[in-house]
Amino acid sequence: MPNTAITIKSLEKKGVLDEITNIISSYGANISYTHLFIEKNNLGSINLELESINNLEQLLEDIKSIDSVQSVEVHSSLNDIYGKRIIIFGGGAQVSQVAMGAITEADRHNIRGGERISIDTIPLVGEDDISEAVEALSRLPRVSALVLAGSLMGGKIAESVSNVKSEHDLVVISLNMPGGVTKIADIVISDPIQAGVMAVMAIADTAIFDIKKLKKNKF
């Protein structure tokens, strides 16, 4: 059963979230994703993705019956809209080259293959900053692949990559550079544009291959 995404606008009051989640729980639905924030008009925006809903219309009516709730809207899930997600970490021109390769290949799959693959980049340098960003991947939704694009990555970064890989089904591609990251990446690629292309191909439904069989190869 596909996920159902809903956005609830409510007054910013204590206990509203508890009321909402209690109603959802009473329907036996599972909350697979949530994002909450306060809008500038002091309304709370609660974005939820729900699994296993058997009576969506009645669930929505029950949520609307909460005094603090102003509105409830139904949307497509983020996975349907944005699809699988590739993250690129590193610094300088290499990040832009990886992104170019990934965007070009994703464009081909998204338009011709009917997929949704999105690319996120953040230029980062420094062991602590990159390590922290890698660890934060476990808190980001939809991440399917990580590309590390730098001139030197090891130490804390390698430890963080290893930790994230042990907890999540994540493809990791590294540029060919000094440092321990290359030893734990699924594949090492010298050309940054090719690294971006390979990241998309590794997770695309329309051109999928087992990248982990290539683990010991360098390109």
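The values are calculated or read from the model by the stated rules, or taken from the named source; none is laboratory data. Just so it is clear, the structure is predicted and the values come from calculations on it, not from any experiment. In this analysis, Cβ positions are derived from the backbone assuming ideal geometry, glycine residues included, and neighbour counts consider all displayed protein chains. Surface areas here come from the heavy atoms of the whole protein model, side chains and all, with no ligands, DNA or RNA. Shrake-Rupley method; radii C 1.70, N 1.55, O 1.52, S 1.80 Å.
Among the residues of the range 22-55, which ones are open to solvent by 70 Å² or more (accessible area, probe 1.4 Å) and more than 19 Å from Asp80 (Cβ to Cβ)? Of everything in the range 22-55, those that are open to solvent by 70 Å² or more (accessible area, probe 1.4 Å) and more than 19 Å from Asp80 (Cβ to Cβ) turn out to be Asn22, Ser25, Ser26, Leu36, Phe37, Ile38, Lys40, Asn41, Asn42, Asn54, Asn55. A count restricted to the range 1-21 and to residues that are in a helix (DSSP H, G or I) and surrounded by 12 or more Cβ atoms within 10 Å (Cβ to Cβ) stands at 5.
Residue pairs whose Cβ atoms lie under 9 Å apart, separated by 6 or more positions or on different chains, with the first residue in the range 159-172 and under 11 Å from Val134 (Cα atoms) and the second at pLDDT below 90, are Asn163/Ser138; Val164/Ser138.
Of all positions in the range 52-73, none carries a residue that is under 26 Å from Leu140 (Cβ atoms), under 22 Å from the mean Cα position of the chain (by Cα) and part of a strand (DSSP E or B). Does Gln94 meet the test of being open to solvent by 20 Å² or more (accessible area, probe 1.4 Å), part of a helix (DSSP H, G or I) and either without any contact (Cβ under 8 Å) to a residue 12 or more places away in the chain or not aliphatic (A, V, I, L, M) (or both)? When the stated conditions are applied, Gln94 passes them. Scanning the range 108-135 for residues that are in contact with a helix residue (DSSP H, G or I) (Cβ under 9 Å, 6 or more places away or on another chain) and assigned to a helix (DSSP H, G or I) yields a total of 11. Identify all residues within the range 22-32 that are modelled with pLDDT of 90 or more and in a strand (DSSP E or B); write none if there are none. Listed by number, the residues that qualify are Asn30, Ile31. Scanning the range 84-91 turns up no residue that is farther than 14 Å from Ile193 by Cα, free of Cβ contacts under 8 Å to residues at least 24 places away in the same chain and either surrounded by fewer than 19 Cβ atoms within 10 Å (Cβ to Cβ) or more than 18 Å from the chain's Cα centre (by Cα) (or both).
Give the range 136-173 a look and list any residue that's assigned to a helix (DSSP H, G or I) and not small (Gly, Ala, Ser), or say none. I'd like the intermediate steps shown before the answer.
Narrowing the range 136-173 to residues assigned to a helix (DSSP H, G or I): 136-139, 156-167.
Scanning the range 136-173 gives Leu137, Arg139, Lys156, Ile157, Glu159, Val161, Asn163, Val164, Lys165, Glu167.
Can you confirm whether the range 129-141 contains a residue that is modelled with pLDDT under 90, in contact with a strand residue (DSSP E or B) (Cβ under 6 Å, 6 or more places away or on another chain) and more than 15 Å from Phe89 (Cβ to Cβ)?
Residues of the range 129-141 that are modelled with pLDDT under 90, as a first pass: 138-141.
From what's left, in contact with a strand residue (DSSP E or B) (Cβ under 6 Å, 6 or more places away or on another chain): 141.
After this cut, where a residue has to be more than 15 Å from Phe89 (Cβ to Cβ) as well, the list is 141.
Checked against the condition, which is being modelled with pLDDT under 90, in contact with a strand residue (DSSP E or B) (Cβ under 6 Å, 6 or more places away or on another chain) and more than 15 Å from Phe89 (Cβ to Cβ), the range 129-141 yields at least one hit.
Going residue by residue through the range 64-78, is there one that turns out to be among the charged types (D, E, K, R) and within 27 Å of Leu152 (Cα to Cα)? The answer is no, given that none of the residues of the range 64-78 is among the charged types (D, E, K, R) and within 27 Å of Leu152 (Cα to Cα).
From the set of residues in the range 163-189 that are among the polar types (S, T, N, Q) and crowded, with 16+ Cβ neighbours inside 10 Å, which is nearest to the chain's Cα centre (by Cα)? So, considering only residues that are among the polar types (S, T, N, Q) and crowded, with 16+ Cβ neighbours inside 10 Å, the one nearest to the chain's Cα centre (by Cα) is Ser174. A search for C-beta distances below 7 Å between a residue of the range 173-194 that is within 10 Å of Gly150 (Cβ to Cβ) and any residue that is open to solvent by 70 Å² or more (accessible area, probe 1.4 Å) and of a type outside the set (Val, Ile, Thr), counting only pairs 6+ apart in sequence or on different chains, returns Met177/Ser151; Met177/Leu152; Pro178/Leu152; Gly179/Leu152.
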